[in-house]
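Here the structure is laid out as structure tokens; the discussion comes afterwards.
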Amino acid sequence: MPLALGGSAMLAALVGCAAGAAVPGTVPAKAILADLHCGGDSPGVRRLADAVQWEALQRRIARRRPGPPATQPGVPDFSRESVLVIEMGRRPSLGYSVLLAEREARLRDGRLEIRVAWEEPAPGMLQAQMITSPCLVVGVPAEARAEIIVLDARGRERVRENPR
């Protein structure tokens, strides 16, 4: 949901300054959590609005996890950061993952572009048969209220935030 500030350049400059970004038009991005069992059936990206949604995500992951619970990160500060959940969707085997590729996200034309390592097993590669649903949770400054586009290492769009 872009801010109405009169142009993407102004938005990029405003957000870059507010977040203390080193490069104009970028904001810091940090990986909060990566997991193989997030439970999403289809690829997508969405924002978590508050601690209640964060706790719901944590419970969903814990229910789907086959082993003991992993160390869980603390609740993000929703007043300072937007929390984004990037999901690969349901996958038929191990060998799939999504990880943060760059520590900065780019603001372009009212869009926040996040680069990830979108990993899939090579065709014909043997993989353990286990249903997974990999996800990555990313924190960006709360001021970065642009449409989210997730790109892989080659610059291909993988998922985009559905406008509401």
| message | Of the conditions (1) modelled with pLDDT of 70 or more; (2) within 20 Å of SER133 (Cβ to Cβ); (3) not in a strand (DSSP E or B), GLY67 satisfies every one except a single condition; which number is it? | response | (1)
| task | Exactly one condition in (1) over 21 Å from ARG90 (Cβ atoms); (2) small (Gly, Ala, Ser); (3) modelled with pLDDT of 85 or more is not met by SER42; state its number. | result | (1)
| Among the listed residues ALA21, ALA51, ALA34, ALA29, which satisfies the condition of being at pLDDT below 85 and of a type outside the set (Ser, Thr, Tyr)? | ALA21
| From the residues in region 131-160 that are of a type in the set (Asp, Glu) and out of contact with any Lys or Arg (no Cβ under 6 Å at 6 or more places or on another chain), which one is modelled with the lowest pLDDT? | GLU143
| said: Name the residue that is surrounded by the fewest Cβ atoms within 10 Å (Cβ to Cβ), counting only residues in region 118-148 that are assigned to a loop (DSSP other than H, G, I, E, B) and of a type in the set (Gly, Ala, Ser). | reply: GLY124
| note | Expected single match for closer than 19 Å to GLY40 by Cα, in contact (Cβ under 8 Å) with a residue 24 or more places away in the chain and either part of a strand (DSSP E or B) or aliphatic (A, V, I, L, M) (or both) among LEU112, LEU84 is LEU84
| closer than 20 Å to ALA31 by Cα and touching a Pro at 6+ places or on another chain (Cβ under 9 Å): does that describe VAL116? | no
| task | For residues that are within 17 Å of the chain's Cα centre (by Cα) and surrounded by fewer than 12 Cβ atoms within 10 Å (Cβ to Cβ), tally how many sit in region 155-164. | result | 5
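The values are calculated or read from the model by the stated rules, or taken from the named source; none is laboratory data. It should be emphasised that the depicted structure is a prediction, and the values quoted were computed from it without experimental measurement. Glycine also receives a Cβ, built like all others from the backbone with ideal geometry; neighbour counts cover every protein chain displayed.
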